[in-house]
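Read-outs: derived from the displayed coordinates by stated rules, not from any lab. Fair warning: this is a prediction, and the values are worked out from it, not measured in the lab. For neighbour counting, all protein chains shown are included, and Cβ atoms are generated from backbone atoms with ideal geometry for every residue, glycine included.
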Amino acid sequence: MKKRIWLAALFGLLMSLAGCSTPQKTGVSVVSTVDFYGEMAKAVVGRYGTATSVISDPAVDPHDYEPTTAVGKAVATADIVVENGAGYDSWMPKLVAANGNRAKVVSAAKVVGVKPGENEHIWYKPSAVPAMADALAKQLGKLDPVHKAQYLANAAAYNKRLKPISTLVMKLRHGSHNARVAVSEPVFNNALTAMGYRISNEHFAQAIEEGTDPSPEDIRQLRADFTAHRVQFFVVNTQVQSNIIASLVKAAEAADIPIVRVTETLPAKHTYTSWMLQQYQAVARVQAAQQ
Ligand SMILES: [Zn+2]
């Protein structure tokens, strides 16, 4: 698989594994593959352990990530690992197996029921992170039964903070009217499906995701969809640099097709909730303008 050209991908990899470097472990240790799950893990663990994330730099493309030795060591002492699964961060189960570690694995794919080959951007399903918080709380309660009630309460409190996301999704579902939309790649597809939109160019998007060139026929079709207004908006991942996408953004704008900008990773200074809301609000603005 060819690598995608990820914006600022050459920046150094930053890790927030500080909690794992202390030899004396206090409480349960949870290591998440990416920070948008790590934030949830930190909230659920609360005062009773440490929660760290391997990838917490928005400039790192999780699709291409390869763990360092330091990450391997951190995983070796983890009690629980939190992963996306479905092939997205498959280096994590490999690390766990390689270390002969008996860490419990909380996998979004398993919690939500996403099979290999299905869209792997599971955190874009509005139900996924709340379900993971509950699953992690249960797992923590098994390892540390004394604080079981607190873990469950922490998960409930965290999920309450996520509530505005599902509320907005339900509202947008009423306004989507099952319309067709175009995407630069499949990153936001689970969110679009949750809102009731249909994706018009799956084949094109898959090529971009895999770092290959979309076919001239797919590009021609997409341009025709813009000019004929057969799609309501065009979703673009701003973290991927591509001349093809840049020219398609211009074509969409020339045809008055709104652009909805999304990212694959948690932007700096955002929480999972503020990140999701910002993207859903971009869709809300499109719906409001088209009414
Ligand atoms: Zn992706």
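State, as an integer percentage, the relative contact order of the chain based on alpha-carbon contacts under 8 Å between residues 6 or more apart.
Reported as a whole number, the value is 17 percent.
Among 74-85, 237-248, how do they line up by average Cβ neighbours within 10 Å per residue, starting with the highest?
For the peptides 74-85, 237-248, the packing ranking is 74-85, 237-248.
Quick one: which of Lys110/Lys171; Lys163/Lys250; Lys171/Lys269; Lys142/Lys171; Lys94/Lys160; Lys73/Lys163 span more than 32 angstrom between C-alpha atoms?
Violating the 32 Å Cα-Cα cut-off are Lys163/Lys250; Lys142/Lys171; Lys94/Lys160; Lys73/Lys163.
Under 5 Å between amide hydrogens, which residues at least 5 positions from Gly49 or on another chain qualify, with H placed 1.01 Å from N in the peptide plane?
Placed amide hydrogens put Val28 under 5 Å from Gly49.
Could you run the Karplus curve 6.51 cos²θ - 1.76 cosθ + 1.60 with θ = phi - 60° over the range 45-62 and give me ³J(HN,Hα) per residue in whole Hz, x for Gly and Pro?
5, x, 8, 9, x, 10, 10, 10, 10, 6, 9, 9, 9, x, 7, 9, 7, x
Can you order the peptides 180-192, 254-266 by their average number of other Cβ atoms within 10 Å per residue, highest first?
180-192, 254-266
Convert each backbone phi in the range 73-81 into a coupling constant with the Karplus relation 6.51 cos²θ - 1.76 cosθ + 1.60 (shift: θ = phi - 60°), then list the ³J(HN,Hα) values in order as whole Hz, x for Gly and Pro.
Whole-Hz 3J(HN,Hα) from phi for the range 73-81: 5, 5, 5, 4, 9, 6, 8, 9, 10.
Give the aspartates and glutamates whose C-alpha is closer than 20 Å to that of Lys125, dropping any in the same chain fewer than 8 places away, or say none.
Partners within reach: Asp35, Glu39, Asp61, Glu83, Asp89, Asp134, Glu185, Glu202, Glu209, Glu264.
Grab the DSSP H runs of the chain that are 4 residues or longer, score each as -39,500 (n - 2.57), total them, divide by all residues and round the 222 nm result to the nearest 500 deg cm²/dmol.
After summing the helix terms and dividing by residue count, I get -14500 deg cm²/dmol.
With the crude spin-label approximation of a point 7 Å out along Cα→Cβ, what separation in nm comes out for Ala157 versus Ile244?
If labels sit at Ala157 and Ile244, their model points lie 4.8 nm apart.
Separation of the range 243-285 and the range 55-75 by C-alpha centroid, Å?
Here the answer is 25 Å between Cα centres.
Using alpha carbons only, how many angstrom separate the centre of the range 146-169 from the centre of the range 175-222?
What the calculation gives is 32 Å, centre to centre.
Whole-Hz Karplus ³J(HN,Hα) for the range 212-221, in order, using 6.51 cos²θ - 1.76 cosθ + 1.60 and θ = phi - 60°, x for Gly and Pro?
9, 7, x, 5, x, 5, 4, 5, 4, 4
Please list the non-local residues whose amide H lies under 5 Å from the amide H of Asp144, H modeled 1.01 Å from N, same-chain partners needing a gap of 5 or more.
HN-HN under 5 Å from Asp144: empty list.
Given H placed 1.01 Å from N in the peptide plane, which residues other than close sequence neighbours of Asn237 have an amide H under 5 Å from its amide H?
Ser184, Glu185, Val262
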